[in-house]
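In what follows, a single structure is set out as structure tokens and then discussed.
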Amino acid sequence: MADGESGRRALAGVRVAEFGTGRALAYCGKLFADFGAEVVKVEGPGGDPDRSWPPLVDVGGGRRESAFFAWLNTNKQSVIAGPGDAARLVEIAGAADVLIDARAGAWDDPGPAGQPALKARFPHLTVISLSWFGESGPYKDYKGADAVVRALAGLVRNVGPLEAPAMLSEHQSYAPAALSGFSAALGALFAGGPGRRFEVSIHDANTLIGEFQLAVLTQTGAEEHRWGRNRFFPVFVTGVYPTKQGWLGVTAFSGDQWRGFCDMLGVPELATREGYANPTDRLMRADEIDALVEARLASRTAREWADEAIGRRVPLVVAPDMATLLATKVHRDHGAFGEVRIGEARFEAPVLPQRLTATPPTAVGVAPLAGAQTSTWRPPPPRGAPAEPRKALPLEGVRIVDLTMGWAGPVGTRQLADLGAELIKVEGRGYPDWWRGADYTDEGIAAFGYEKPLHFNWVNRNKIGITLDLTSPDGVELLLGLVRTADAVVENYGQGVLTGFGLDYERFRAVRPDIVMMSMPAFGAATPWAEVRAYGSTLEQASGLPLLTGGPDERPTMNHVAYGDPIGGLSACPALLTALLHRQRTGEGQYIDLSQVECLFPLVAPWLIEQAVNGQVSPRSGSRHPAYVPHGCFPCDGDDAWVVIAVTDDVAWRALGDVIGRPDLAGDPALATAAGRRAREAELEAAITGWTRARSPDEAMEALQAAGVAAGAARGLSEVVLYEPHLMARGYWQQVERPHLDLFHQPSPAFREEGTPYPIRRPAPTLGQSTREVLTRILGVTPAELDRLESAGVIGEAPVPLSARKPRSSALIHEAAARGREAAAS
């Protein structure tokens, strides 16, 4: 525990063992450790190889170690044990509640320290088995790297300029996998009973990141291609633009945002000009619009534009470099950064974004030197045999009221539903989840268009759907009745919407004192930027990621159409589970303030730490890698065909040289090390390109992987659904039936128990599908009262047409707030 900490931690008393190496493993362990669990990290002789990862800090006596590694391993203990020291590994695993295991092949290792033997010997132990591609399928033995798994997940080919894909070379794939593993482990701890074994594929976990575009392309059949830097089908305007001073992140694709943005630019007439009102039409005129936007934005600073946009509710933000991000007062005041210590070194780094207000993660982290506890660690008293029977799903019996819309909130609650919780999704007939679409004309309603978007159906599976009009007293009281019976409430409404209904954490706590409530604001619930309008694209822009992507002379490059949404959702599930586990053990509920932009800080952490340590960030290097040489996205035979190749060590380099028919390069002593290859990187890239251009991406990948070289075809998003053989072989896509849709595919959760994906138990609910059943079963509402509520428009299964809707800002909302205050006071 760090100096000066109170010791009041959500996971205090939980024991975790960490075997293997890799950033997904380390971050999963960090999530446990920073919430107070006792984490024992087992390193091989000489220490974890990631201790040499730049940037380096002096830990004492001139010895230099990785600052990024230190951040990933705060508050852990380090014990040295080699592969042959099976007795020590068995001892450490047996003392743990959870084993996070990233050892290659450990899942079928017949030895005493393999997962089968450990699970048989220690029935209480939950195992999270992490690997690049999982334990089955044609890629299970493939060599992985960060950019390789992202390429195969469809996250590379459609990003960047028209000429070639642009990609961050590292540090993007580890967090989705770690968060998925952490969620599964917390679910198992919450369930009690015998331990479970979850398999988490880093490839599977990253496939989730592209779900929105996967769904749109699958359903529309639109032609898929790379649209250009900062351009993503089917929306525009979104991008990062130069101003008088600094870069400005712009998102203006809804009608209101586009009109507000045009008004800010002084061209209000553009908003309604033919061919400009629709976001997809604007994408077809992107060059023309970009030129106009850049000319207008040059008159003011990025900060000035962003400040004006707050009042106008237009999603504009400063896109910071790492120095600016680290110095941003709003983030610092919100506690986004803390101190990391290793040996004699001290530096700033991100604090975990899962901000549990009663039991927060530690803001000061002390990382161990290699083997610091080898001679002193002793196994604690063993756990007793589990007495409780195994539940079919870990979160059976948990009830959560889901007040989320869009992508980030629903994908977070989807994971809770996948783990077995009863998710009651609450929508209004007048304002359903906006991911259902926007066509609420009489014709659109008659065609049930609001039931058909595939992206809505993907993120809301396994949930129960009801409708309540929260502008009415009846709707508010019914919601409070449900909260009275629930374990948690999750909301991601815009700032002020929930309080406009007279509802907040204190109101919920008045009816359920131990309730756990999570809000998912863009920039923190109580910060000066709480009113900033934001989407997933806005959050990526505000995190600084675009200023890290691309070549040294290129403009900032976004990595995703809405990166903040899936990352925020993946971060939300473990935040709520941590609070629920604490509540289970103590009876204490709490409020969670999950700042969505801070959820992206782990993805910029290496560069932010470099800024903190060195006072600057290394120049951007395109698809090249700081340690792997060569590394990049190489053209193949075919239209826009690419393969990502990562030479992760010197052995892989020699193998690559042989595969491409260049034994002269493979045997050249000057190229035997990464440093030597760096001096001739352009020459080596040209040699590789000469070979890849004569082969398809799959041919190149298969030949290189057969020789032990990490390589992955850069899949198009439609290929991930319709073609990707590894996902198909692993049963990743599950077929589901639902009213108003033909048979369609659903993606599986990234965690699977004993090698099998959890089944999709129910499709996404139709609007108000279970309102009567839920209100009767849980609240005892009579049929006559249900009829009255439906007649009054409080409940129902049909949306209110646009022509009959009440304005969001109507006096009814203010009246609801007044009623809420009166009820709370009484």
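The values are calculated or read from the model by the stated rules, or taken from the named source; none is laboratory data. Everything numeric in this text was worked out from a predicted model, so none of it was measured. Every residue, glycine as well, gets a Cβ built from its backbone with ideal geometry; the counts of neighbours run over all protein chains shown. Keep in mind that these areas ignore ligands, DNA and RNA; they rest on the heavy atoms of the full protein, side chains included. Shrake-Rupley method; radii C 1.70, N 1.55, O 1.52, S 1.80 Å.
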Toward the positive end of the charge dipole of the chain, about the Cα centre and with charges on Cβ (Lys, Arg +1; Asp, Glu -1), which of 114, 221, 377 goes farthest?
377
If I model a spin label at residue 743 and residue 58 as a point 7 Å from the Cα along the Cα→Cβ vector, what separation in nanometres do I get?
6.8
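Starting from 0.36 nm per residue, how many nanometres of slack lie between residue 378 and residue 86 once their C-alpha separation is accounted for?
On the way: separation 292, 0.36 × 292 = 105.12 nm, distance 1.59 nm.
Value of the extension gain: 103.5 nm.
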Centre separation in Å (Cα based) which lies between the range 256-284 and the range 314-385
42
Spin-label pair residue 798/residue 554, simplified geometry with 7 Å Cα→Cβ offset, distance in nm:
5.2
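At a Förster radius of 30 Å, what calculated FRET efficiency corresponds to the Cβ-Cβ distance of residue 706 and residue 640, to the nearest 0.05? Let's see the in-between values first.
Working: r = 25 Å, r/R0 = 0.84.
E(calc), rounded to 0.05, equals 0.75.
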Average projected area of the Cα convex hull of the range 6-70, in nm²?
5.3
Bin by bin, in steps of 5 Å, what percent of the Cα pairs in the range 266-422 do you find, going until the bin that has the longest distance?
1, 6, 7, 9, 10, 11, 12, 12, 10, 7, 5, 3, 3, 2, 1
From the alpha carbon gyration tensor of the chain, can you work out the equivalent ellipsoid semi-axes (sqrt of 5 times each eigenvalue) and give them in Å, largest to smallest?
40, 34, 26
Normalised Cα Rg of the range 726-781, dividing by 2.2 N^0.38 Å with N its residue count, works out at 1.51
Debye calculation, C-alpha points only, no solvent: report log10 I(q)/I(0) for the range 387-432 at q = 0.15, 0.22, 0.25, 0.31 Å⁻¹, in the same order as the q values.
-0.44, -0.75, -0.88, -1.11
Neighbour net charge for residue 695 - beta-carbon separation under 10 angstrom, K R +1, D E -1
-3
Using a 1.4 Å probe, how large is the accessible area of residue 69, given in Å² and rounded to the nearest 10?
10
For the residue pair residue 735 and residue 225, what label-to-label distance in nm results when each label sits 7 Å from Cα along the Cα-to-beta-carbon direction?
3.4
Could you calculate the contour length gain from residue 274 to residue 287, that is, 0.36 nm times the residue separation minus the distance between their Cα atoms, to one decimal place in nm?
3.0 nm
How long are the three semi-axes of the equivalent ellipsoid for the range 555-644, computed from the Cα gyration tensor as the root of 5 times each eigenvalue, in whole Å, largest first?
37, 19, 12
Show me, bin by bin at 5 Å from 0, the whole-percent P(r) of the range 627-684 based on Cα pairs.
4, 20, 28, 26, 12, 7, 3, 0
What are the ³J(HN,Hα) couplings of the range 776-789, residue after residue, when phi is run through the Karplus curve with 6.51, -1.76, 1.60 and θ = phi - 60°? Round to Hz, x for glycine and proline.
6, 5, 8, 10, x, 5, 7, x, 5, 5, 4, 4, 4, 4
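Heavy atoms only, probe 1.4 Å: what % of the accessible area of the chain goes to carbon and sulfur, would you let me know?
On the way: 15010 of 28420 Å².
So the carbon and sulfur contribution to the accessible surface is 53 percent.
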Under 13 Å, Cβ to Cβ, from residue 716 - net charge with Lys/Arg +1 and Asp/Glu -1
-4
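With r defined as the distance between the Cβ atoms of residue 761 and residue 694 and R0 fixed at 56 Å, what FRET efficiency is calculated, to the nearest 0.05?
Efficiency at R0 = 56 Å is approximately 0.70.
Give me the Kirkwood hydrodynamic radius of the range 426-486 in Å, from all C-alpha pairs, to one decimal place? Before the final figure, lay out the partial values.
Numbers: mean 1/r = 0.0769 Å⁻¹.
For the range 426-486, inverting the mean 1/r across all distinct Cα pairs yields 13.0 Å.
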With x for Gly and Pro, the residue-by-residue ³J(HN,Hα) of the range 68-81, computed from phi through the Karplus equation 6.51 cos²θ - 1.76 cosθ + 1.60 at θ = phi - 60° and given in whole Hz, is 5, 4, 4, 4, 5, 10, 5, 6, 9, 9, 10, 10, 8, 7
May I ask for the net charge around residue 181, where only other residues with Cβ less than 13 Å from the Cβ of residue 181 are counted and Lys, Arg are +1 while Asp, Glu are -1?
0
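Hey, with R₀ at 41 Å, roughly what FRET efficiency would residue 673 and residue 313 work out to, going by the Cβ-Cβ distance, to 0.05? Write down the numbers at each step before the final one.
On the way: r = 54 Å, r/R0 = 1.33.
Computed FRET efficiency for residue 673 and residue 313 comes out at 0.15.
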Percent of Cα pairs exceeding the 23 Å cut-off, where the set is the range 1-141
37
What whole-number distance in Å separates the alpha-carbon centres of the range 191-236 and the range 46-103?
32
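Could you give the length gained by full extension between residue 295 and residue 363, i.e. 0.36 nm per residue of separation minus their alpha carbon distance, to one decimal place?
Values: separation 68, 0.36 × 68 = 24.48 nm, distance 4.29 nm.
Length gained between residue 295 and residue 363: 20.2 nm.
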Name the residues whose placed amide hydrogens come within less than 5 Å of the amide hydrogen of residue 710, ignoring near sequence neighbours (fewer than 5 apart) on the same chain.
646, 648
Phi-derived 3J(HN,Hα) across the range 187-202 with the Karplus relation (6.51, -1.76, 1.60, θ = phi - 60°), rounded Hz, x for Gly and Pro, is x, 5, 5, 5, 5, x, x, x, x, 10, 10, 10, 9, 10, 8, 4
Could you work out the helix-only [θ] at 222 nm for the chain, with each DSSP H run of four or more residues adding -39,500 (n - 2.57) and the total divided by the number of residues, to the nearest 500 deg cm²/dmol?
-10500 deg cm²/dmol
Search the structure for amide H atoms under 5 Å from the amide H of residue 158, placed 1.01 Å from N in the peptide plane, and list their residues when 5 or more places away or on another chain.
none
